[in-house]
Every structure is written in C-alpha cells, then in structure tokens.
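Encoded as structure tokens, the structure appears first; notes follow it.
The values are calculated or read from the model by the stated rules, or taken from the named source; none is laboratory data. Since this is a predicted model, take the numbers as computed values, not measurements. Every residue, glycine among them, receives a Cβ derived from its backbone with ideal geometry; neighbour counts consider all protein chains shown.
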Amino acid sequence: MEELYRIEDLSKSFGNKKVLQNINLKIFTGEIFAFMGPSGVGKTTMLRLLNLLEMPTTGKLIFNGNDNAILQKNNVMRRMSMLFQRPAIFNTSVFNNVAYGLVIRRVDKKTIEKKVIDALAIVGLAGCENQKALTLSGGEAQRMAFARAIVFKPDVLLLDEPTANLDPANVAKIEEIIRKIRSELSTTIIMASHNIYQVRRLADRVGILLNGELIEVNTKEQMFTNPNDARSYAFINGEFIY
Amino acid sequence: MSTADFLVQGIIKAFELIFSLNPYIMSITGVSIRVSGTATLLATLTAIPLAFAISFVHFRGKQALITLVNTGMGLPPVFVGLFVFLMIVPVGPFGFLNIVYTKEAMILAQYILITPIITGISLAAIKAVPKLIIETVYTLGGTEKDAAFATLREARFGIITAVLAGLGRALAEVGAILIVGGNIARTGSVGGIGEGLSETRTLTTAITSETSKGDISTSIALGIILISLVLSVNILANYFQRRD
C-alpha cells in the first residue's frame, strides 16, 4: 500500500502541557486506521494535527510525500475532511449543509444537486434535502455530517468518536456508512475511539495512545490477540487503571 | 372642557392630520426617515466589518477598541450632540465643512451614536456562533474568508437585530439632533398647522417644539407616527430574534 502520512518525532504542547510526544507513524492509502485509548490521552489532538487544524510543536508531518504540507496548509486541507464527536450544523436546509464543501469549491449547480442526492442516499437520508438541518435527530445529524464530509470525495476522512452519544441502531448505521465509504469511495479513514468493540469491527490497523505516547501500532488481528506491549493488553482487556 | 375631552379631540385631529397626509407632518416624517435611515446605513457599513475585524483579526489595541465600543453603547445623546456641534461650528476644527444645522450634521451625530450599538450587538451575535462551525468550515476545505462568510450567515438574524436596534435608537433620538440640526422648518405655514416644510425638523424634535407651542393635536399626530415607526422596527427585530 502507498504511504499517505509519515509522522516523524512529532510532539504537541499547549502551553506547558505536553499532549503528544515523540509520535512516529505511517498511515497508508485506503486503510482504516484507529487511534485507541482512554479519554484525554491526545486522540482528538492527533486527528486535529492530521487535519492540519493544529500545527505540531516539534517534529514532521509529511502528507502524500509532501514534506512542506504545513506550509501549504489550505491546499492540503481541501483533500481532507473531519467529523467531530458532535456535528456542527449550519442553520439552513440539509441540502445546503451537504452542498457546502462543493459550493466553496465552485462546483456547478447541476453537479452539486446530483452529488448531494447521491451522498444523502449513501447515509440513508434520501428525501430529506429540504428539511431544516436543525430539526434532525442526533443520529440523523451525524449521518448528514457524514454526507457533508464525503460529498466532495476527500482522500482522507478523519472521524473523532463518530458514534459517541448515539443509540445502538444509529451506531450500526454509522458503522455501515463507514464501511460503504471505504468500499465505494476508497477513502482513507482515520478514526479516534475509546470503543474497543467498534475499533475491532472497523479498523485494519490500530495505534494505542497512552498519556500522549503512541505505545503500539499493530494490525487489528495482532493487537486484539497478541499485542506487543503489556499496557496495550491491559487496555484491551479492560484492566487498565487510569 | 375636561382633560379626557381634550385628549380625545386631540387624538381625532391627529388622525385627521395623518390620514389627510398633511404636508407639514409628512415632511417631518420624511426628514426623520431619511436622516435615521442614512445614519443607520452608514453605521451598518462601518459596524459589521468592525465587528468582524474584532472577532477574526488579531491587532494591537483590540481590547481598548472593545472597551470603546462598549462605552459608546451608552453614550448620552446630548453629549454627542454637543461634541459634534463643537466640531462643526464655523470656529471648530471641521467648521470648513459648513454643515452645522443641516441634515448631514444630524446624520453624523446619529452615526456616532448608533455605530457602537450596532457593533456591540453584532459582536455578541458573532461570538455566539459556535467555534465548531468555524472549524467545520476549515475541515471542509474552506478558507478564512469562507469561515467569515459562514459566521455572517450563522449570525445573520442577530446582526439584523443589531441594525434594527440602531435604527430604532436613531428614530427615537432627540437630544443630539436638536443641538446639531436646530429643529428648523421653512418659514410660512403648510396645511394650516405648524410652520413651513421641515428642513431639519424630525418627529422627535417637532414633538418638543409643537408641545411647547401648545399644539397638542399635531404633537399627538407626530407621536403616533413615531411610535408606529419604532414599533414596526421592534416587531421586525423580534421576528428576527425568534428566527435565530
């Protein structure tokens, strides 16, 4: 597989607080990579760095072989999309919400219409185009956010706890959507989750973050059956005390 | 004549003046709308970019500017009137503009009064837009300009409310425009009441002069129009607040 991200000795601090330290990692095109770990270990910050919403304090972030990705922030960001735990909804219709990424890319109206309808069909919201987005339920809003994130076919989709606070039915729907996006659009998906079972169902490779350090990166199979690090084993088996 | 009869007769005559489109009353209403409308338009053109600059741009003196805006929201109109008057009188620093006792001077005074109001309320509306909305714009590939437009769109009802609050304040203002405008009407009389057509006489300043002259029905007519205008602006403002 082709290398999409290369992270070398990356650290991130906010003031005196070190959130991430000495991260070294490669992420490959087309895979689903999951950062796993308890709350507050730096998973969200890691995703924000990969989305270039934050800049590393030290170290390198190389995207698609482009080692000055940081300098070309905006062009690179246009190839990515990120979903937050709670989606931000624009105070307008579902159609306008989903169309946003295409509108700012100056795509023509006819194409926008077709792509929005296709994206809404993928997330199971066909026919909701004219509904006010603020009237959607939590699960529907998250699915609309998925449609908005994938409508312009990003190379990378970053998901920050995409099913937190959702009921089991919506969790199942969202997971189905993630699988569909990967198989139909070949999008590289990087997610952060503390839900071990969800990571097991979706990810190809897993990285475990503890106290700002990436303690182990492994294939899902290896990570869940025979992890290299004792702390990984403890976390996966619910024995980790934090 | 009892007080009640006096009031009833005043109100009946006031409605007659309004519905007959009395030229004196109409010219005063026209000046009020023109002056306050222009001041609001100019203040809006200043206040909204200013509110966005304060919200999005980092610059030195930003905190001082916010303090200035907050102070400006409570400026006493007579003080503003006096200040503008001293600036534009022939011996003042801007005396060369030759605008004392003109509509331009009244627009200037109202502009100074309402720009901080529109800026302050717009600033609050912009600040109320969740940070996540702006970050979502960036995550979808938007630029800083896109983020500013998205914020404008999200805060639109609050900003419209700010503009309407400014317009309402301008329409109801009396102290500043009385000082710089002089409450001037042409000589003579039109429609059998008051004086000639209004030059710098507005609904508020005319009410003060007509009441002091004892022409209560004309004052009531002007008051009804003023209240209707301010009420309409407030109904609109409430409508947009509810939509927010």
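Against the test of being among the aliphatic types (A, V, I, L, M), within 14 Å of another protein chain (Cβ to nearest Cβ), in contact (Cβ under 8 Å) with a residue 12 or more places away in the chain and more than 15 Å from A:F95 (Cβ to Cβ), the options A:A141, A:A169, A:A164, A:A149 yield a single qualifying residue, A:A149. I'd like to check something: does the range A:97-111 contain any residue that is part of a loop (DSSP other than H, G, I, E, B), farther than 27 Å from A:L50 by Cβ and modelled with pLDDT of 90 or more? Yes, that holds for at least one residue.
Conditions (1) hydroxyl-bearing (S, T, Y); (2) at pLDDT below 95; (3) over 13 Å from the mean Cα position of the chain (by Cα); (4) outside any helix (DSSP H, G or I), marked per residue:
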site: B:G74; (1), (2), (3), (4): no, yes, yes, yes
site: B:F83; (1), (2), (3), (4): no, no, yes, no
site: B:L86; (1), (2), (3), (4): no, no, yes, no
site: B:G92; (1), (2), (3), (4): no, yes, yes, yes
site: B:I121; (1), (2), (3), (4): no, no, yes, no
site: B:R153; (1), (2), (3), (4): no, yes, yes, no
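Cβ-Cβ distances below 9 Å connect the following pairs, each with a first residue in the range B:211-230 that is of a type outside the set (G, A, S), a second residue that is surrounded by fewer than 18 Cβ atoms within 10 Å (Cβ to Cβ) and not in a helix (DSSP H, G or I), and a separation of six or more residues or different chains: B:D215/B:I193; B:T218/B:I193.
Hey, among the residues in the range B:99-119 that are among the hydroxyl-bearing types (S, T, Y) and not in a loop (DSSP other than H, G, I, E, B), which one's surrounded by the most Cβ atoms within 10 Å (Cβ to Cβ)? Here the residue is B:T119. Quick one: B:T46 ticks every box in (1) farther than 19 Å from B:I224 by Cβ; (2) surrounded by 18 or more Cβ atoms within 10 Å (Cβ to Cβ) bar one, so which box is it? It is condition (2) that B:T46 fails. On inspection, A:N75 passes the criterion of being surrounded by fewer than 17 Cβ atoms within 10 Å (Cβ to Cβ) and within 10 Å of another protein chain (Cβ to nearest Cβ). Filtering the range A:132-170 to residues that are more than 13 Å from the chain's Cα centre (by Cα), crowded, with 20+ Cβ neighbours inside 10 Å and among the β-branched types (V, I, T) leaves only A:V151.
Checked against the criterion of being under 27 Å from the mean Cα position of the chain (by Cα), within 14 Å of chain A (Cβ to nearest Cβ) and surrounded by 20 or more Cβ atoms within 10 Å (Cβ to Cβ), the candidates B:G158, B:G166 yield just one match: B:G158. Hey, does the range B:115-131 have a residue that's more than 28 Å from A:F90 (Cβ to Cβ) and of a type in the set (G, A, S)? No: zero hits. What single numbered condition from (1) within 30 Å of A:L136 (Cβ to Cβ); (2) crowded, with 17+ Cβ neighbours inside 10 Å fails to hold for A:R201? A:R201 satisfies every listed condition except (2). Apart from one condition, A:S81 fits all of (1) in contact (Cβ under 8 Å) with a residue 60 or more places away in the chain; (2) at the interface with chain B (Cβ under 8 Å from one of its Cβ atoms); (3) surrounded by fewer than 21 Cβ atoms within 10 Å (Cβ to Cβ); the exception is (3).
In this structure, A:R6 does not qualify as modelled with pLDDT under 95 and within 14 Å of chain B (Cβ to nearest Cβ). Annotation note: Cβ proximity below 6 Å between a residue of the range B:53-74 that is closer than 25 Å to B:G175 by Cα and a residue that is part of a helix (DSSP H, G or I) (sequence gap 6+ or interchain) occurs for B:V69/B:P116; B:V69/B:T119; B:V69/B:G120; B:G72/B:P116; B:M73/B:P116; B:M73/B:I117; B:M73/B:G120. Can you name every one of the helices (runs of 4 or more DSSP H) wholly within the range A:123-242 that holds 2 or more residues which are in contact with a Leu (Cβ under 8 Å, 6 or more places away or on another chain)? Counting at least 2 such residues, we get A:138-150, A:168-185, A:230-236.
Which of the residues that make up the range A:44-66 are outside any strand (DSSP E or B) and of a type in the set (S, T, N, Q)? Answer for the range A:44-66, where residues must be outside any strand (DSSP E or B) and of a type in the set (S, T, N, Q): A:T44, A:T45, A:N51, A:T57, A:N64.
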